[in-house]
Every structure is written in structure tokens, then in C-alpha cells.
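Below is one structure; the comments refer to it alone.
Just so it is clear, none of the values below were taken in a lab; they were calculated from the coordinates. Source: prediction; values computed, not measured. So basically every Cβ, Gly included, is an ideal-geometry build from the backbone, and we count neighbours across all protein chains shown.
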Amino acid sequence: MLFNSYVFILLFLPLTLSIYFFLNRKKLILASKAWLVLASLFFYGWWNPVYIPLILGSILFNYGIGLTLTRAKQSQSRLFLIIGILGNLILLAYFKYTDFFINNINHITGSHIRLLQIALPLGISFFTFTQIAYLVDVYRRMAKEYSVLNYFLFVTFFPHLLAGPIIHHKEMMPQFDRLKNKLLNNKNLVHGLLLFFVGLFKKVIIADTLAVWVDQGFDHAVILNIVEAWTVSLSYSLQLYFDFSGYTDMALGSSLMFNIRLPINFNTPYRSINIQEFWRRWHITLGRFIRDYVYIPLGGNRVSEIRIIINLMITFFIIGLWHGAGWTFVCWGLMHGLAIVVQRTWKRLNIHLPKPLAWLLTFNFVNFSWIFFRARNFDDAIKVVKGMFGAHGLGVTGYINHAFESFKTFRATLKYWLENIDGNIYTLVFIIICLMLSIYFRNSNDMEQRFSPTWKNACMLGLLSLYAMLNLQKASQFIYFIF
């Protein structure tokens, strides 16, 4: 079920909320939790009910391993942890990477093994990492034994289930049992609505508008001129941000209506002046998981510089592969790993750049790397990159001398420059506005913290919500659902 759909907004969410708080008001606490689990499974199964047994099996397997770890002797715990982690990774690898491996075997050996065409269950990358973190913490004696109902709710809670944030048991389990969270909180309800509809606006009005030019651009990558190529790359950078942060806002907002605070996942990443800062602001919960359960166990920063570099490259290789079963994703991840290595080298050499230049380099690197993240294959990525460097023409030949004779001529010229992506002057204006919003304006977290329920704010929220709702004619999937 999509957050950005009438069935979710007008039926599922209000019905789930109403019954949940009704049961709590009747002091039926266990029933309210069970209701939320059932509603979350219905939400998950709306896409394809066949995968409900899969997530149930995954939850039971991990809960069983966790229970065993809490009761096993220290000498036996390591074996059970390995079994648990391998079980999760095998499940993820089967659904997400089987065809990728077969493709590579076919390419290397010249064989013709048939692809299995396995459909990727929604959210599998997210609930797999969530449960691996839980098992590791149980092994480290950092997590206690939880009831099976609480554990089911922890994994299935619908706001985070499909595309994160990647949650942690220590920040979620106490909230599920906190008695004051069982009562309807008007402040949390209003703030949750604010976050939800700001996220909906980001997705429906901004991200989906940018998607038109992005899709056109990558479909015509072979003939993009320099203006079109840069327009496409910037459009995708902004589309991805507003799409994913929009989803996260809607997830945080939905959860807050239940008096549950999910972890913040974005903090104005395009404001970053170096690549390390970017990763402290972008997909924060993924970065936290990789740091705590991959990078630090590999040795982190406590080893030699060569080992640190190797650890960083391994870490970003995993980040790239986690995002998708394709070498373009791996390339994107390794590019970011290499960028952090370069930044560490600059820091050791005491090289300091002026902040505007540092921001320009960081943003353009991130923008450039997203091309490989979006492209279906390396050929498409290289075509866009070539276009950005003018290999397919500047798009101005025969027009530059007349471009500024009048505004009408200027508009016609821009339309010619952007004809392969169905763009015009409003395309560039829209991109500039979106870029300003992503850098200079308050992010959703700041807006929520500062929000006060005045009539003025209520009217603004109402208009924003209405405008977003009126543009839901065609619900589109969030980008991160495919990961």
C-alpha cells in the first residue's frame, strides 16, 4: 500500500488509528498491539499477499535465535549468532542477488543459465538489517528478552516497514510499552499530520514533477546536449532527495500519530561541505547501522591508515550492493568510499578550502555520482556523463546570437535546448526553486519542532494538504521501495 494513495490516507490510516486508541482507552493493551501488528501485515500484504508468510517466517526465525542467544552460554552464543546472520543474509541474497549472480556467471563463462526472475519482496533489505542489528545486540548483551508480540510489532510496524528508517530496538521497544503513549495525544496528532502532508507534498508535487524530466533524459541519454544532461542530473539529485525524504517524513508523521517517534533519517544533506558530512545527513539510519555493525567491527579508525582505507572501501562496497543488485550501484558506493579517502588525505595534509568552494565540490560530486545510481547500466551512465561534458553538442548552435533578443525568443531557445526531455524555461525555474528549498529552507524536522497550531498554520497546512491530495490521480511508487 502506498502512503501517497487515497486508500491509505482516507481509509487505512484513520481506521487503524481509531481502533488502536479505542482499544487502549478500554485498557485492552495487548489487543491494541495485536491490532497494530495485524494492520501492519495487511498493509504489507496489500502489494502481494504471498510474501506475508515470508516476513512471518523471518520474524519467527530471528525471534527464536534471539531467544536462544539470551539463554545460551557465552561459548555457544557465537555459533547461534553466525546461524542467525547467515540465515538473514541467505534470504536476502536469494531474493535480491540470485539473478545478479547468474548474470555475472553467464557473462564470465559464456553460459546461458536461465534467470529466475524472482520478484523482490518489499522492505526485505530494511527488515533484514533491523533484525541483524537486534541479534548482534542480544549477543553483546545489549538487548533484553522481549515478548513475541512486542517483537512482531517492532519489525512489522507499518510506518517504517517498506523503506525505513532502519530502526533500533532500544529506541522503539520502550515506546511501545510507555503508558502515556497509549492515549491519543493531540499535539503528536497535529505534528504527525504536518510531517505526513509535508512529505506528501514533497513526493507528489516536487519529486513526481522532476521524475518526468529524469525519465525522459535517461530514455534519450544517447543524444542529450550539455544543457539537457545537466538538467537531467540535477533533476535526479533533487527527485531522489524529495522522494526519499518525503517518504521518510510520511513515515515519521504516521508513526507520530501513534505517539511513536521514529529516528530522523535526513538533515538537509545537500547543505554539506564535505562527503563525510553528507553521510552524517543522508540516510542517517543506514549510516548508523553500517558504522556500528560493519565499519567498527572491521577495526574502524583504531587501525593503521591502510586498514582504515580498506575498511572504508569494504563499507561503501556493502552500501552500494545493499542498494541494488547491479555494478552501477557498487560503482556509486565505491565512488563515495574513494571520496572519503581523498577527504581524509586532504585533512592529513592540512588542506582547507573556502566553504563555498567546498560546498560546490561536494554537491557536484554527489550530483555526478547519482548518475550511476540511477542509470540502468554503465552505457546509459556514460552517455549522460558525456552529455554533461558536451560530447553530444552544446545545444546552442545557431541560437546563441538570438537568444536574448526577447523573452519570447529566449523561451523558444530554452525549449529547443531541452527538447529531448520535454523541458522549457519553467523546468529550469523549478529546478532552481527545488535546489534552494533543499539547501536554504528549514527541513521537516525543524518545521515540526517549531510548529504551533495557530489558525494561520492550520490554514497553510490545510491548503498544502488539499493541493497534494488533488494531485494524487496517479499514485507513483517511492524510489527506495525497489531497494
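General observations
- Sequentially through region 225-238, phi angles give Karplus couplings (6.51, -1.76, 1.60; θ = phi - 60°) of 7, 5, 5, 5, 5, 5, 4, 5, 5, 5, 4, 5, 4, 6 Hz, Gly and Pro residues having no value and appearing as x.
- Gain upon complete extension [A93, F389; 0.36 nm per residue less C-alpha separation]: 102.8 nm
- Scalar couplings 3J(HN,Hα) for region 298-315, obtained by applying the Karplus form with A = 6.51, B = -1.76, C = 1.60 to θ = phi - 60°, are 6, x, x, 9, 8, 10, 5, 4, 4, 5, 4, 4, 4, 4, 5, 5, 4, 4 Hz; x denotes Gly and Pro.
- Taking the longest Cα principal axis of the chain as reference, the axis of helix 378-388 is set at about 40 degrees.
- Cross-link pairs K96/K203; K33/K170; K202/K355; K202/K386 - those with Cα-Cα distance over 24 Å: K96/K203; K202/K355; K202/K386
- Highest average first, the peptides 85-93, 366-374 ordered by how many other beta carbon atoms sit within 10 Å of their residues are 366-374, 85-93.
- Extension gain for N377 to I108 (0.36 nm times residue separation, less C-alpha to C-alpha distance): 95.1 nm.
- Computed from backbone phi with θ = phi - 60° and the Karplus coefficients 6.51, -1.76 and 1.60, the 3J(HN,Hα) list for region 359-370 is 5, 4, 5, 5, 5, 5, 5, 4, 4, 5, 5, 4 Hz; x is used for glycine and proline.
- Taking label points 7 Å from Cα along the Cα-to-Cβ direction, N301 and K347 give a separation of 0.5 nm.
- For region 76-120, the Rg and Dmax computed from alpha carbons only, in angstrom: 14.3, 44
- Inter-centroid distance (Cα atoms) of region 215-280 relative to region 135-194, Å: 25
- 13 Å beta-carbon shell around T362, net charge (K/R +1, D/E -1): +3
- Cβ-Cβ FRET estimate between D219 and R291, R0 fixed at 25 Å, reported to 0.05: 0.10
- Remark on region 278-379: hydrodynamic radius 14.5 angstrom, per the Kirkwood mean of 1/r across alpha carbon pairs.
- Label-point gap, in nm, between R261 and L466 - each point 7 angstrom along Cα→Cβ: 3.3
- Ranked list, fewest to most other Cβ atoms within 10 Å of each Cβ, for I319, I310: I310, I319
- One compactness figure for region 92-180 is 1.49, namely its Cα radius of gyration divided by 2.2 N^0.38 Å.
- Helical mean residue ellipticity (222 nm; -39500 (n - 2.57) per DSSP H run of 4+; nearest 500) of the chain: -22000 deg cm²/dmol
- Percent of C-alpha pairs per 5 Å bin, region 195-482, short to long: 1, 5, 10, 14, 16, 16, 14, 11, 7, 4, 2, 1, 0
- Test item: Cα-centred dipole of region 177-217, Lys/Arg +1 and Asp/Glu -1 on Cβ, debye: 400
- For q = 0.12, 0.21 Å⁻¹, Debye-computed log10 I/I(0) when each Cα of region 1-144 counts as one equal scatterer: -0.71, -1.19
- Computed lengthening from M436 to W46, 0.36 nm per intervening residue step minus Cα-Cα distance: 136.7 nm
- Evaluated at q = 0.07, 0.08 Å⁻¹, the base-10 log of the normalised Debye intensity for the chain, with identical point scatterers placed on the Cα atoms, takes the values -0.41, -0.54.
- Label zone at N181 (point 7 Å along Cα-to-Cβ), backbone N below 12 Å, region 9-44: 33
- Taking N as the residue count of region 1-49, its C-alpha radius of gyration divided by 2.2 N^0.38 Å amounts to 1.19.
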